[in-house]
Amino acid sequence: MTSKLARLFAAAMALMATGMAGANQYNLQVPQTIIAREIYDLHTLIMWIILAIFVVVFGAMTYSIIYHRKAAGAKAEQFHENTTVEIVWTVIPFIILIGMAYPATKTIISMKDTSNPDLTIKATGYQWKWGYDYLQDGISFYSSLSTPRDQIEGKAPKGEHYLVEVDNPVVVPVGKKVRIITTANDVIHAWWVPALGIKQDAIPGFVRDTWFKVDKAGTYRGQCAELCGKDHGFMPIVVEAVEPEKYAAWVQNQKVKMAKTAVADDPSKAWSLDDLKARGEKVYASNCVACHQATGMGVPGAFPALSGSKIVNGPKNEQIALVLSGKPGTAMQSFKHLSDVELAAAITYTRNNWNNKTGEAVTPADVKALRK
């Protein structure tokens, strides 16, 4: 029997080693930062400790059950207390806990050391997308799920990066300390990229921070890790780590794009109905189509149709107020984080599309007048 237990133990060790070697398949994602490696090593250490405890405890239990059973003639000892045993089973767990707590504490302290970053990015959670602000470079953009609706609805084969692909990834330089500041616009979200060892809650009204330094260039994917509403599973995070030269070129390209957008979205210019509808179609596709659909018919029983809607075809100020404030108790959240031009364009688009033919343009000034 002893030899059988030894063989079982050896088999368990081999299986554990195989699992550790095949980290991509059976374990945590391959770590790509200093913190991620510390987390991975800590996880591995504690798993070995747990396995050792399992083997010792259940080995002793199994041995006792087999060799000290009544059928083998064993007789139970009758005693009430044993001071030595009580000391042993108090001291040994204490030593084990200290052995786990020390490296865990070192890792946690390292995770919280956000001092002296090379780059700071503010990540703001929205229902259901992320907004990013590069504080040193003056770059801002939104990052939304880019998986086609046909894949989500089962009308097309699912792609390689189904539900973990975005239109605008976070781009960072390799070998630089990146500080991430998290907050949220509506409910609690969480910024989580496993390969980078990052998971930080984004809480409305609070500012939290964390950091990472990527070892090598590549694309690293994560998700919102806090249940934040109906589209919680459609809120991915993609980080692209590139060489410093490529990052510098990306920064310049983003600044040029933002300058062009600022000129194109100048709220003071004379916006025609056609201009607003064209701009609004893009804003609608990025922010509204998931609930109200491309057809404007919504989802029966869940999200109301905009085509033929009394609100959309009613006084424009009521629709503007609804879009700015949201509707409590429903999935309709406030979209006041969008600019006056974006909101004016989206509202104009809905009022002049599908079965809606108001022929009325909502201007950026109309939206600005109702902002609080």
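The values are calculated or read from the model by the stated rules, or taken from the named source; none is laboratory data. Fair warning: this is a prediction, and the values are worked out from it, not measured in the lab. When we count neighbours, we look across all protein chains shown, and the Cβ atoms used for this are built from the backbone with ideal geometry, even at glycine. Side chains included, ligands, DNA and RNA excluded: accessible areas come from the protein's heavy atoms. Shrake-Rupley method; radii C 1.70, N 1.55, O 1.52, S 1.80 Å.
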Gly298 being without any contact (Cβ under 8 Å) to a residue 60 or more places away in the chain, within 29 Å of the chain's Cα centre (by Cα) and farther than 19 Å from Asn185 by Cβ:
yes
Check off (1) of a type in the set (A, V, I, L, M); (2) in a helix (DSSP H, G or I); (3) at pLDDT below 90 for Ala248 and give me the number that stays unchecked.
(3)
When the residues of region 216-238 are filtered to those that are within 30 Å of Pro328 (Cβ to Cβ) and of a type in the set (A, V, I, L, M), which remaining residue is surrounded by the most Cβ atoms within 10 Å (Cβ to Cβ)?
Met235
Residue selected from region 251-274 under the condition touching a residue at least 60 places away in the same chain (Cβ under 8 Å), over 18 Å from Val166 (Cα atoms) and assigned to a helix (DSSP H, G or I), by the criterion least open to solvent (accessible area, probe 1.4 Å):
Val251
Return the total of residues in region 183-215 being surrounded by fewer than 19 Cβ atoms within 10 Å (Cβ to Cβ), under 24 Å from Ile109 (Cα atoms) and either free of Cβ contacts under 8 Å to residues at least 40 places away in the same chain or out of contact with any strand residue (DSSP E or B) (no Cβ under 7 Å at 6 or more places or on another chain) (or both).
6
So for region 167-179 (the condition being within 25 Å of Cys291 (Cβ to Cβ), touching an Asp or Glu at 6+ places or on another chain (Cβ under 7 Å) and open to solvent by less than 60 Å² (accessible area, probe 1.4 Å)), does at least one residue qualify?
yes
Looking at Ile53, Ile96, Ile92, which is the one that is loosely packed, with under 13 Cβ neighbours inside 10 Å and over 30 Å from Val187 (Cβ atoms)?
Ile92
